[in-house]
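These notes are about the structure you will find just below.
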C-alpha cells in the first residue's frame, strides 16, 4: 500500500501506510526519509531506560558474547564506544553496532532490521534543527515538564512529521516520570538535615580528636542539591552553632565553610563539575585548595598559626624541622584539607545521588544520577 500524507497543519504530517513496528500505537518525531541521528539516539536511550538502564559495560560484554556465539573472531566494542552510541549530537551512527545494542536491550527480533536501516540512513542532527514546538503528547505517557527540562534536545518534541507505528522521542524513562521537583518542604528538610549533619561531624571530631574537620558534608549536599547560596546559609548556621562546640573562633571559620559552599555549588551546577566521577574528584580538590586559601591567612593573622585543632600537630613537626611558621601552617592545612574534603565530597556524593534518584534536582537534571554506573571510563 503506497504511503499517503494527510496534512494536519503547516508543520505536522501523519504518515499512513508505513509498516508498524513493535511499538505500534505510539508516535515518533521523525523526518520521514531523512530522520536525524538524534531521533534514533533518543529512541535508543528510551529503549535502554525501559530495559532497566543496563550499564554500558554490561551492554559491551553481552555484544561480545553474542559475536562469539555467532562464530565471529571480532572482539566486543569498548565501553566508551557503547557510551558514544547513546550521545546526542552525532554526525553519523554505526548501524551494525546499533543493531547489536538493541538486540542486547531486548528489542523484538523483527524490529532489529528497522533499527539498522534507520541508523544507516540517519542524517547529522545539525542538518535538521531539533526544537520544541507545538504539540505535546497526551494521555498517560505524556512527559512531565520537569522530566522534559532535563532531557537532551533530541529527546524533546519538535514540529516535524509524525510517523505512525514507532516509539515517541517525547517519552522519557519510567523512573524519570516518577521523580518530582523539590518543593519548599523538601528544601527546608535538606537544609535542616545538612546543618545537623555538619554539627554532628564537628562534635565527633572534637570528641575523638581527629586531625580532620567533617563539618562540611551537609554544606556540600545543600550547595549541590539546592544551590550555592543555600549552602552558604548552612555554612553560617553551622559555624554559629559551632561556637558552643569549639569556641568563638568558629565564627571566623564560617568564611572557610562559605567558600566551600560556593565552589561546590557553582562548580557542580553551573560548570558541570559533577557530571562524571573524574570531574567531581577535581571539584573536591578545588574546594580543598580554596578552603586552605582562606583558612591559612585567618590562622596566621588572628590565631598565631593555630586554634588547638588535632591536625595542627603537623605544624609543630614542620617547625621543629626548621620550617618557618607560615610554610608550616600552609603545609599542615593543605594536607588536612585535602584529606577532609575528599572524604567529605564523596560522602556528599552518595547523599546527592540518593536524593536525585527520587527528585529532579533543579539545574542539574540527571547529571548526578548513578555517576559511577553511567560515566564512561576515563571521561572527564
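The values are calculated or read from the model by the stated rules, or taken from the named source; none is laboratory data. In this text the structure is predicted, and so the values were computed from the model without any measurement. Quick reminder, even Gly has a Cβ in these numbers, built from the backbone with ideal geometry, and neighbours come from all protein chains shown.
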query = Going by the structure shown, is residue 41 within 27 Å of residue 276 (Cα to Cα), free of Cβ contacts under 8 Å to residues at least 40 places away in the same chain and under 20 Å from the mean Cα position of the chain (by Cα)?
reply = no
inquiry  = Scan segment 183-192 and tell me whether some residue there is crowded, with 19+ Cβ neighbours inside 10 Å and within 24 Å of the chain's Cα centre (by Cα).
reply    = yes
request  = Take segment 83-103 and flag every residue that is under 16 Å from residue 63 (Cα atoms) and modelled with pLDDT of 90 or more.
outcome  = 85, 86, 94, 95, 96, 97, 98, 99, 100, 101, 102, 103
request  = Residue by residue through segment 77-95, note down the ones that are more than 17 Å from residue 36 (Cα to Cα) and either part of a helix (DSSP H, G or I) or more than 27 Å from the chain's Cα centre (by Cα) (or both).
outcome  = 79, 80, 81, 82, 83
task = Being within 17 Å of residue 219 (Cβ to Cβ) and assigned to a helix (DSSP H, G or I) narrows it down to one of 328, 268, so name that one.
result = 268
Tally of residues being in contact with a helix residue (DSSP H, G or I) (Cβ under 6 Å, 6 or more places away or on another chain) and surrounded by fewer than 16 Cβ atoms within 10 Å (Cβ to Cβ) across segment 58-86 = 1
task = Only one of these is over 26 Å from residue 261 (Cα atoms) and buried (at least 18 other Cβ atoms within 10 Å of the Cβ): 329, 315, 287, 296. Name it.
result = 315
ask   = Among all residue pairs at least 6 apart or on different chains, which show Cβ distances below 7 Å where the first residue, located in segment 52-66, is in a loop (DSSP other than H, G, I, E, B) and the second is crowded, with 17+ Cβ neighbours inside 10 Å and at pLDDT 85 or above?
value = 54/48; 54/105
key: Subset tally (residues that are farther than 11 Å from residue 257 by Cα and surrounded by 24 or more Cβ atoms within 10 Å (Cβ to Cβ)) for segment 198-222   = 2
